[in-house]
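In what follows, a single structure is set out as structure tokens and then discussed.
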Amino acid sequence: MFETLFTQPHILAAHNLAPCLESRKRFLLHCQEQGYPPMSIRKIAWILLVFSKSMDLCRPGPITPEEIAFAVDHRVRLTRSGRTNDSQSSRRLFIHIATAWLRFLGLLKEHDPKQKPFTRYVEHYADFMRDQRGLSPVTISNCRGEIVNFLSTVWHPDMTLDAVTIRDIDAYLAYQGNHGWARTSLHALASTLRNFFRYAEGQGWATNVSVGIQAPMVFREEGLPLGPNWEDVQRLIASFAGDSTIDLRDRAVVLLLAVYGLRRGEVARLRLEDVDWNGEILHVTRPKQRCTQQYPLVASVGTAILRYLKEARPRSAHRELFLSVEAPVRPLSPARVSGIVRERLAMLGIDVPRRGAHCLRHANARHLLDAGFILKEIGDHLGHRSASSTRIYAKVDLAGLRRVAEIDLGSLL
């Protein structure tokens, strides 16, 4: 292992004679598999060398983060000149690598996160949503997060759930409204809290709270789609014409969002086996419907994915299609998928109210509507569960409304 990283005999000898030789080699191989470049692996090897001389890893029992920090602060100095780098960034790097190494070896004593006093209430409700209401894991996760965020802001020591008041809920909704939440988001949040407290009241944990939760009014036109026009979508796709690793990956991502109208999470969850090259089929997992939907693999999308796989995708054990370009190599998160779209739209000066990945889903639906597809076909393409989800696009079909206006209704009577 070290022979591929270092050439000078005295450096090789230092690494091969230091304590914990095999465990250091195993961790460096693990870092290689995670996509770290040789320069970074050499730095990691140096840190492991120093740390192995600074702490006794053969003693019984796990090692705490405090002990790691103490060992790093009193580490062995291997520089010939006696000069040391005691910067905070250097200290943090030593602690980060040493902690990752000990966690990899199973020698780290992890601090158990202190369980919130209200966790049992939330988990009971999550079980109810799954077992009784049959909600999808994504919906349950979103609801759980919103409830935990609310309770975290109002909870104090020795508090019980029945101490939460409608005033606490109103104040929380007002706070989120003053910090950029739209009325539609506040409406959904209020509904989530109302459902939770209605369940809590049924269990005897709370009293007379749910009935007082008032959701902000959502107007009929509130749900109008807010996406770029198709010309701007084409500009966006064309902007990823470079040969860099990032451009090759991001072009494939944006094409999937624009051509198929996929949600950001659906793109992030795509796996290598979801692309059937022989049958030219794309398999998309729909978490809300708990099913997999099949699409014909459009040539431009297939070409972009294939080029990404051949020229840009890092070698990795991960089966997810899209991975980060920097080490440690990991699957692309839904938030990063939105970030790709948001950053490029801003760079191109394309002004839309919402620049995340979802705006391309709206643009896709509008484009299909303008092309003459009926709402049922558009809904099937987008994976909508109900026609009401697709109906909002009819509100802005101005060309269709003008055609209706031109009809001489008098002649039909």
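Since every read-out is calculated from the coordinates, none of them should be taken as a lab result. Remember, it's a predicted structure, so these values are computed and weren't measured experimentally.
Annotations for the structure displayed:
- Normalised alpha carbon radius of gyration of region 119-223 [divisor 2.2 N^0.38 Å]: 1.06
- Rel. contact order, % - alpha carbon contacts under 8 angstrom, at least six apart, the chain: 14 percent
- Once the Kirkwood radius over Cα pairs is known for region 230-357, the Stokes-Einstein relation at 37 °C and 0.692 mPa s delivers a diffusion coefficient of 220 µm²/s.
- Average projected area [Cα convex hull, region 140-291], square nanometres: 14.0 nm²
- Convex hull projection area averaged over all views, region 311-371, Cα basis, nm²: 6.0 nm²
- Taking only the alpha carbons of the chain, we obtain Rg and Dmax values of 27.7, 100 Å in that order.
- Crossing angle, helix 119-131 versus the chain [Cα axis fit, 0-90 degrees, rounded to tens]: 50 degrees
- Distance cut-off 22 Å, percentage of C-alpha pairs in region 2-105 lying past it: 28 percent
- Within a Gaussian network of the chain (alpha carbon springs, distance under 10 Å), most fluctuating of 35, 383, 212: 212
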